[in-house]
Amino acid sequence: MLGTKRKRRPGAGRPPIDKQGSVIVQVRFTQDDWKAIDALVSEHGGNVSREIRAAVHYWLRLLEKPQRHVGALTCFIAILVRRIEARTGKTWLDDPVTGAAVCKEIEQLIFHFAPTPAKPVTIPPDIESIASQLILLAENLHPRPGVPEMRPELFGDEWVVLARIIKDLGSGWDRNKDVWLGRKEKSS
């Protein structure tokens, strides 16, 4: 028996998370952070390792070069939204005034930092439709009764992120369709 390599039966053990191998580290968390991680695991139906890996992967992608400007803007917007919600005492998802303030203030924030064109510009249609395409994709990832749930992990990281975002935000269509279709008056 000495010198013989032990063979595992096919499929035994944990599947590798990366073809190049993985690194195991010990990390300490505060009780509050651990409770928050545990709540995310319960909400997303995964496991702790997967949830922590997803968070680290997201954070690294958010701040990576050369796209650090995207992460910076995302963080700036998060701070802005938290301040607006603190002042109104309501969330932008639940209150039309807070929602309108978030839209207006984010536009002002981006206008301040983005280069101002010397003359009017026309945004090409393929760029102007990106937000609509993302909204459509996210809405289709939103779970609906009687509709089979999509498997976003089959389509890449961005789909997984969009699925989590729409799960957390809820459907904008469901929230606003009565006003958009004229069945309910807009509240002010």
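The values are calculated or read from the model by the stated rules, or taken from the named source; none is laboratory data. Keep in mind that what you see is a predicted model, and the values were worked out from it rather than measured. Ideal geometry is used to build each Cβ from the backbone, glycine not excepted, and the neighbour counts take in all protein chains shown. Surface areas here come from the heavy atoms of the whole protein model, side chains and all, with no ligands, DNA or RNA. Shrake-Rupley method; radii C 1.70, N 1.55, O 1.52, S 1.80 Å.
Values for this structure:
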| read-out | value |
| --- | --- |
| Selection within segment 141-166 - closer than 24 Å to THR91 by Cα, of a type outside the set (A, V, I, L, M) and free of Cβ contacts under 8 Å to residues at least 60 places away in the same chain | HIS142, PRO143, ARG144 |
| Cross-chain or 6+ apart pairs with Cβ under 6 Å, segment 75-96 first and touching a residue at least 24 places away in the same chain (Cβ under 8 Å), then open to solvent by 50 Å² or more (accessible area, probe 1.4 Å) and not in a loop (DSSP other than H, G, I, E, B) | LEU80/GLU105 |
| Filter pass, PRO125 being farther than 22 Å from LYS167 by Cβ and in contact (Cβ under 8 Å) with a residue 40 or more places away in the chain | no |
| Members of segment 146-188 that are surrounded by 12 or more Cβ atoms within 10 Å (Cβ to Cβ) and of a type in the set (Lys, Arg) | ARG164, LYS167, ARG175, LYS177 |
| Helices (runs of 4 or more DSSP H) (entirely within segment 72-170) containing at least 1 residues that are farther than 23 Å from GLU43 by Cα and over 15 Å from the mean Cα position of the chain (by Cα) | 96-113, 125-128, 130-141 |
